[in-house]
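Peer 1: Got a structure here, written out as structure tokens. Questions coming.
Read-outs: derived from the displayed coordinates by stated rules, not from any lab. Every value quoted in this text rests on a predicted model; they were computed, and no experiment measured them. All Cβ positions, even for glycine, are placed from backbone atoms using ideal geometry, and neighbour counts span all protein chains on display.
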Amino acid sequence: MYTHAVRAPSIRLARPADLAAIATVHAASVRALCAGHYSPQAIEQWLAPSPGLYDRMLRSSTVYVAERAGRVVAFAAVRLATREVRAMYVSPDATGGGLGLRLMQRVERVARAFGAAELRLSATLNAVGFYERLGWRRDPRDAGTRPPQRCVAMRKRLT
Ligand SMILES: CC(C)(COP(=O)(O)OP(=O)(O)OC[C@H]1O[C@@H](n2cnc3c(N)ncnc32)[C@H](O)[C@@H]1OP(=O)(O)O)[C@@H](O)C(=O)NCCC(=O)NCCS
């Protein structure tokens, strides 16, 4: 009778012990979900090993993971000092169930509590519709590229 509660992923702050799982989710998510918008070469360049990448992310950003049955299936990162969402990735087998929405709501909540009036991010081409659905808007002031992949600069007012 509590099946839904047991299966629904729970969201918590990431810990150093999550870094390997975060790397796994990142690679699987990019390879499966961004493939329609980027060439295989662009994707492999994007995922090229960058020693210390996730460790630096954990130190510089507030990072949340979503866990289902003890497994990390999504993560999001926001750098509060610069009001920037740095990462938002859901495992291919966990998409379409509102997890991205829940993680972004958590990110927006912590940013508001921090005093941020606005957040910005660089959206991958495949994710622009997702962010628009959540109230984000394209930023006309920004060229919208962040190597290695083509991105769309977006902003959202929090107040
Ligand atoms: C984009 C992503 C985070 C969405 O995660 P998700 O858990 O599947 O999204 P949700 O189920 O919470 O969707 C929330 C809403 O957005 C919509 N949505 C989700 N992905 C969408 C997309 N790519 N385009 C348009 N709308 C989308 C859903 O239909 C849902 O709308 P509804 O409330 O009307 O049903 C996920 O597909 C992903 O990780 N993609 C690959 C990594 C990536 O590109 N990340 C962004 C980097 S900037």
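Peer 1: Anything in segment 27-42 that is closer than 15 Å to residue 123 by Cα and either in a helix (DSSP H, G or I) or among the charged types (D, E, K, R) (or both)? List them, or say none.
Peer 2: 29, 30, 33
Peer 1: Another question, if that's okay. Looking at (1) at positive phi; (2) over 17 Å from the mean Cα position of the chain (by Cα), which one does residue 48 not meet, given that it meets all the others?
Peer 2: (1)
Peer 1: If you don't mind, another one. Would you mind listing the helices (runs of 4 or more DSSP H) fully within segment 45-136 where at least 3 residues are within 12 Å of the ligand (Cβ to nearest atom)?
Peer 2: Output list reads 99-114, 128-133.
Peer 1: Look through 71, 86, 155 and report the one residue that is surrounded by fewer than 17 Cβ atoms within 10 Å (Cβ to Cβ) and of a type outside the set (Gly, Ala, Ser).
Peer 2: 71
Peer 1: When you go through 89, 64 one by one, which is the residue that is under 15 Å from the mean Cα position of the chain (by Cα), aromatic (Phe, Trp, Tyr) and closer than 22 Å to residue 139 by Cβ?
Peer 2: Result of the check over 89, 64: 89.
Peer 1: Next question. Within segment 3-43, can you find the residues that are of a type in the set (D, E, K, R) and in contact (Cβ under 8 Å) with a residue 60 or more places away in the chain?
Peer 2: Result: 7, single match.
Peer 1: Can you pull out every residue in segment 44-66 that is of a type outside the set (D, E, K, R), free of Cβ contacts under 8 Å to residues at least 40 places away in the same chain and surrounded by 11 or more Cβ atoms within 10 Å (Cβ to Cβ)?
Peer 2: Hits for segment 44-66 are 47, 53, 54, 57, 60, 61.
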